[in-house]
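S.K.: Structure provided below as structure tokens; questions to follow.
The values are calculated or read from the model by the stated rules, or taken from the named source; none is laboratory data. Keep in mind that this is a model prediction, so the values were computed, not measured. Cβ atoms come from the backbone with ideal geometry, glycine included; neighbour counts cover every protein chain shown. Ligands, DNA and RNA are stripped out before the accessible areas are found, and what is left, the full protein with its side chains, is counted by its heavy atoms. Shrake-Rupley method; radii C 1.70, N 1.55, O 1.52, S 1.80 Å.
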Amino acid sequence: MTVSPDLATALAGLAGRRPLLVATDYDGVLSPLVGDPRAAGPAPGAAEALARVAAADGVTVALVSGRGLEDLQAVSGFSGPYRWIGSHGAEFDGPLTGQLAGRRDALAEALAPLVTAVPGALLEVKPASVAVHVRQVADPAAAAALLASADAAVDASLTKKPGKAVLEVAVTDADKGSAVTRLRGELGAAAVVYLGDDRTDEDVFRSLGPDDAGIKVGEGETAARYRVADPDAVVGALRLLADLLS
């Protein structure tokens, strides 16, 4: 799938910058959104395209996700010289330490009865957060009501991260934007390309400079300068970037 002329021009310019950081969310970007997050395999061609980008000299590829690191690595099946950032930045190249587990477990225990009462709803417990998924709830009114009741039940000291058909509540205040900024600093990156589809990715888009490229996947308001339609279009953009880098 082709990309827009303005994005193609931007990628051509960025391909000459070194060090270059190419960072991307997983769900909804490299993988189509599905009802059960445990079944979110990568889009056709995504693994190959990402590997080609990562193979270029002076380029670092990072996977940045709300998923826990172990879950992200298992579901994606990706292997390669990638940097891994999970739990919205709380897991930076490694698993979260255990001191927050008790707070996370208490949160899951409080939300479980609300989720159980709504057919199709799913409670996902991650290393640093708990997520209420309503993508498989047949009744839109029931889905909205569950998200509202879960939101009301959460202690104000926790960090709420609403997304597409999901409310995630984190026991840390980490976010993707600060994580990408930290990684950029470690690498001394001259430029950043970031692809994301959800509200939590806006923290990254807002952190980017005028010489970077934020790419929003799908519809909705965004701070990103560029946009592609779906994961298939993401694969097309990554293939173009790989060609430009070679």
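S.K.: Please list Phe92, Phe205 from largest to smallest accessible area, probe radius 1.4 Å, with all protein chains kept in place.
M.R.: Phe92, Phe205
S.K.: Solvent-accessible area per residue for the stretch 108-246 at a 1.4 Å probe radius, Å²?
M.R.: Ligands and nucleic acids excluded, the figure is 43 Å² per residue.
S.K.: Take each of the peptides 2-13, 59-70, average the number of other beta-carbon atoms within 10 Å over its residues, and list them starting from the highest.
M.R.: With the highest mean Cβ count within 10 Å placed first, the list reads 59-70, 2-13.
S.K.: Average the reciprocal distances over every distinct pair of alpha-carbons in the chain, invert the result, and give the Kirkwood radius in Å.
M.R.: On the way: mean 1/r = 0.0545 Å⁻¹.
The Cα-based Kirkwood calculation yields 18.3 Å.
S.K.: Dipole of the stretch 62-114 (Lys/Arg Cβ +1, Asp/Glu Cβ -1, origin at the Cα centre): which of Ile85, Leu100, Ala112 lies farthest to the positive side?
M.R.: Going by the charge dipole, the pick is Ile85.
S.K.: With +1 on each Lys and Arg Cβ and -1 on each Asp and Glu Cβ, and nothing else charged, work out how big the dipole of the stretch 98-170 is about its Cα centre, in Debye to the nearest 20.
M.R.: 220
S.K.: Determine the share of the chain's accessible area contributed by carbon and sulfur atoms, expressed in whole percent, with a 1.4 angstrom probe.
M.R.: Its accessible area is 53 percent carbon and sulfur atoms.
S.K.: If all Cα-Cα distances of the stretch 1-53 are sorted into 5 Å bins from 0 onward, what percent lands in each bin, rounded to whole numbers?
M.R.: 4, 15, 19, 23, 21, 9, 6, 3
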